Amino acid sequence: MKNILISITAVFMASMALADYPDRPVTLVVPFAAGGPTDHIARDLAESLRKTLGQAVTVENTGGSGGTVGTARVAKAVPDGYTLLLHHIGMATAPALYRSLVYRPLDDFDYLGMVNEAPMTLIGRANFPAANYGELIKWISANPGRASLANAGVGSASHLCGLLFQSALKLPMTTVPYKGTGPAMADLASGQVDLMCDQTTNTVPQIESGKVKAYAVATTKKSINSTLAKLPTLDEAGLKGFNITVWHALYAPRGTPKAVIDKLNAALKLALKDPELLKRSEALGVTVISDSRINPAEHKRFVEAETVKWGGIIRAVGQFAD
Ligand code: ASP
C-alpha cells in the first residue's frame, strides 16, 4: 500500500513538474564557438523561444572537433528539457567523417524540429590576389598547397564544403581548423588565412562591409538575397552539381518526456513565426522552415535521408578522422 502511494505521489509530482515546464532557464548548447553562424542562429532563436516559453534560454558555446564535443555533451545530459542542442548538417555528416563517434545521432537524441536552411559561400581575405572565381582557380592551380582554407574542424559544414571543393578541383590546400567559423572569420578578416566556406549567416554582413571577398555560392539554387544573387554558383562556375545547403535543427537528449517535447515543438513553431526573426533571416539569405516540417518525425526522416546521402559522398572522397 505504502509503495503504491509513493508511486502515485511520484507520478503526480512528475506531471506537476511537466505542467510547470519550464520553471527555470533552459540551456541551448551550440557545438561551435561564439560569433559564428550556428551561434548567431541559436541566439536569434533563443530570444524568440524566450518569448514563447516565458523563460530565459541561455546559449552555451561548447566548440571543438567539428561540433562533436558539444553534441556529445547534450547526448549525455539529463533528459529533462533543460539542456537542448542546436546543430546543423554535421549531425548527418559526422557519422561518415569519424571512424568512432561517441554518440549516435539517430539514437541518442529526441528530435524537436527543423529550424532553417542557409546557403554556403566561398570567401577570401580582402587582399587575396584574386578578384573573382576565375582568378582564384588560376592562383590555386599555380600555387598548389599554398592557399590556406579555414574551417570549424572535421564534421563542420565549412570542413565538408572545403573537402568537396578540393576534391572537385583535384588541387590540395592547407586546412586550418578552428572551434567555429566565428574565430575563423576574425582571422580571415584580418588576413591571417586565405579562404573559407561558410553559411551566409556569417558571410553576408562581412561581404557587404568589404571585410572579405566573395567568390561563389555553394548552393545550386540562386539566392534572392541581393548580395548573393550577384555571385556565381560553384555549379555555374564549372563544378557541376556542387550543392551544400546547411540546415539547422533543434534536439533534446533521448528520453525527454513526451509532454516536454510537445511543448518545445509548439514553442519552436511559434518562435519561427516571430516577425523579427523572419526579417533578420531574410536579410542573411536564410530560409526559415515552414510549419509542416517543424515536426519531430519529419525532422528525423530528413536527418536519416541526409545521413545516407552525405555518407555516400564522403566515403567516395575518402577522408576520415578518429
Ligand atoms: N559554420 C560553422 C561550420 O562550418 C560552424 C559555426 O557555426 O561556427 O560548420
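A few notes on this one:
- Extension gain from GLU304 to ASP187, taking 0.36 nm per residue of separation minus the Cα-Cα distance: 38.6 nm
- Around the amide H of THR62, modelled in the peptide plane, lie the amide H atoms of VAL30, PHE32, all under 5 Å away and 5 or more residues distant in sequence or on another chain.
- Computed from backbone phi with θ = phi - 60° and the Karplus coefficients 6.51, -1.76 and 1.60, the 3J(HN,Hα) list for region 79-89 is x, 10, x, 9, 10, 10, 10, 10, 10, 10, 3 Hz; x is used for glycine and proline.
- Rounded accessible area per residue of region 167-214, 1.4 Å, Å²: 40
- Sulfur and carbon atoms: percent of accessible area, the chain [1.4 Å]: 58
- 3J(HN,Hα) from dihedral phi, region 240-247, Karplus parametrisation 6.51/-1.76/1.60, rounded to Hz, x for glycine, proline: 3, x, 5, 7, 10, 10, 8, 9
- Charged neighbours of VAL59, selected by a Cβ distance under 13 Å, balance to -2 (K, R count +1; D, E count -1).
- Distance violations [Cα-Cα > 31 Å] among LYS221/LYS258; LYS279/LYS300; LYS51/LYS76; LYS240/LYS273; LYS51/LYS213; LYS179/LYS309: LYS221/LYS258; LYS240/LYS273; LYS51/LYS213
- HN-Hα J in Hz across region 283-295 - Karplus 6.51, -1.76, 1.60, θ = phi - 60°, x for Gly and Pro: 5, 9, x, 9, 9, 7, 5, 7, 2, 5, 9, 8, 8
- The amide H of VAL193, built 1.01 Å from its N in the peptide plane, has LEU188 as neighbours under 5 Å, considering only residues 5 or more places off or on other chains.
- Percent antiparallel among DSSP beta bridges (both partners in the chain, rounded to 5): 60
- Straight-line cross-link reach from LYS211 at under 16 Å between alpha-carbon atoms covers no lysines, not counting any fewer than eight positions away in the same chain.
- Summarising the amide proton neighbourhood of GLY113: residues at separation of 5 or more, or on other chains, whose placed amide H is nearer than 5 Å comprise LEU250.
- Relative contact order of the chain, pairs being alpha-carbon contacts under 8 Å that are 6 or more residues apart, as %: 27
- Within-11-Å neighbourhood charge of TYR103 [Cβ basis; K, R +1; D, E -1]: +2
- Size of charge dipole - region 17-127 - debye, nearest 20, with Cβ of Lys, Arg +1 and Asp, Glu -1, no other charges: 360
- Cut-off 13 Å between beta-carbons: net charge of the residues surrounding ALA126, Lys and Arg +1, Asp and Glu -1: 0
The values are calculated or read from the model by the stated rules, or taken from the named source; none is laboratory data. Bear in mind that the values here come from a model prediction, so they are computed numbers and not experimental data. Methodologically, a virtual Cβ is constructed for each residue, glycine included, from the backbone with ideal geometry; neighbour enumeration extends over all protein chains shown. With ligands, DNA and RNA removed, areas are computed over all heavy atoms of the protein, side chains included. Shrake-Rupley method; radii C 1.70, N 1.55, O 1.52, S 1.80 Å.
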